[in-house]
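Read the figures in this text as sums done on the coordinates, not as results from a lab. In this text the structure is predicted, and so the values were computed from the model without any measurement. Here the Cβ positions follow ideal geometry from the backbone for every residue, glycine too, while neighbour counts run over all protein chains shown.
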C-alpha cells in the first residue's frame, strides 16, 4: 500500500502549530471568497467551484484534528448549499464530453435545457445565505480553537490514521455495481488528500497514482450525475437507448480503470 502510516510520535508541536495555522488561513480564505461571491460579476460558477474545492481541503484539515463530526460538517454544508451553479456547469461540460448526436432532435433538446439551467444557476446567492455560510465557518473555527493545544500532535496522528483507514476500506469495497461506493471512495480520498495539504510540505508524501484517482472517480461521478438528470427530465433509455448505452459503456470503462488502479494501490494480499 502506498499510504504513509505515521506513528503517534510522527507529529510534534511544530507540525501541529503549522497545521493549525494552515487551517485558520484556509478559513480566512473561505471567508474572503464568500464575501467575493456577492461581488462576483458573471462568474458565479467559477467562484462556487473555488469555494467547494477549498472546502474539500478544509474538511480534510478539520478531520485531521478529529473534528470530522463537527467542523468538517459545518464546511460540508456550505458546499452543498452552493452546489447548484457549479453542478449545472458540470452537467453541461460532461454532456459535451459524451458527444452524443445519434438523435439530433433529442441531443438538441438535452443540450439547450442544460445551457438554460447554467444561465438560471448563474445568479448570486442571497446575502442571507452567504451570511449563514459565514456563520458555519466561524463555528468550525471555534471548535478548533476550543481544543487544548498540547493535544494537537496526538490528534493529528490519530486523525490521519483514521483517514487512511477510510481510504483503504472504501477503495477496497469498490466493484462495478457499487453505485454509492465510488462516490464514498472519492469523498474519502478528497478528505485524506486535504489533510495532507494541511500538513507542512513533505511531511507525508503521497503516491502520484493515489492523487490522480479522485479525478477518475470524479469523472465517473459526473456521468452518474448526468444520468440522474437525464432520467429526472424524461430522457430515459426508452427514448434515447443509444445515449444510455454510450454513457454506461463510458462508466464501465472508467470503473475498470479505477478498479485496476485500486488493485495496484491496495493489493489483494493486503485485504
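If R0 is 45 Å, what FRET efficiency do you get for residue 216 and residue 135 from their C-beta distance, rounded to 0.05? For R0 = 45 Å, the calculated efficiency reads 0.80.
Footprinting exposure proxy ranking of 120, 71, 90, fewest other C-beta atoms within 10 angstrom first, gives 120, 90, 71. Report summary: the helix-based calculation at 222 nm, which adds -39500 (n - 2.57) for every DSSP H run with n ≥ 4 and divides by the residues of the chain, gives -25500 deg cm²/dmol.
Listing 169, 56 from fewest to most neighbouring C-beta atoms within 10 Å gives 169, 56. On the basis of the beta-carbon distance and an R0 of 41 Å, residue 43 and residue 264 show a calculated FRET efficiency of 0.60. For the stretch 13-270, just say rounded, prolate or oblate: build the C-alpha gyration tensor, square-root its eigenvalues into a ≥ b ≥ c, call rounded for a/c under 1.5, and beyond that prolate if a/b exceeds b/c, oblate if not. Oblate, since a/c reaches 1.5 and b/c is not below a/b. I need the P(r) histogram for the stretch 5-82: all alpha carbon pairs, bin width 10 Å from 0 out to the longest distance, whole percents. Histogram of Cα-Cα distances, whole percents per bin: 18, 44, 25, 10, 2.
Among 254, 113, 193, which one shows the biggest mean-square fluctuation in a GNM of the chain, springs joining Cα atoms closer than 10 Å? Judging by the Gaussian network model, the answer is 113.
By how many degrees, between 0 and 90 and to the nearest 10, does the Cα long axis of helix 13-39 differ from the longest principal axis of the chain? It works out to around 40 degrees.
Between residue 151 and residue 108, the contour length at 0.36 nm per residue exceeds the alpha carbon distance by 9.7 nm.
Please list, in order, the residues from the stretch 91-132 whose amide nitrogen is less than 16 Å from a point placed 7 Å along the Cα→Cβ vector of residue 237. Answer for this model: none. Once you have a ≥ b ≥ c as the square roots of the Cα gyration tensor eigenvalues for the stretch 28-128, tell me rounded if a/c is under 1.5, and otherwise prolate or oblate according to whether a/b is larger than b/c. Prolate. Extent of the stretch 196-271 along its three principal axes (Cα atoms, max minus min coordinate, largest first): 53, 31, 17 Å.
For the options 13, 188, 45, a Gaussian network treatment of the chain with springs between C-alpha atoms closer than 10 Å singles out 13 as fluctuating the most.
Length gained on full extension, residue 96 to residue 80: 3.3 nm, using 0.36 nm per residue less the C-alpha separation. By the beta-carbon count within 10 Å of each Cβ, the least crowded to most crowded order of 100, 95, fewest first, is 100, 95. For a quick check, take a GNM of the chain with Cα springs below 10 Å and name the residue from 23, 48, 98 with the largest mean-square fluctuation. Its mean-square fluctuation being the largest, the pick is 98. Taking each residue as 0.36 nm, the span from residue 123 to residue 173 lengthens on full extension beyond its C-alpha to C-alpha distance by 14.1 nm. Shape of the stretch 86-189 from the C-alpha gyration tensor: oblate (a/c of 1.5 or more and a/b not above b/c, with a ≥ b ≥ c the square roots of its eigenvalues).
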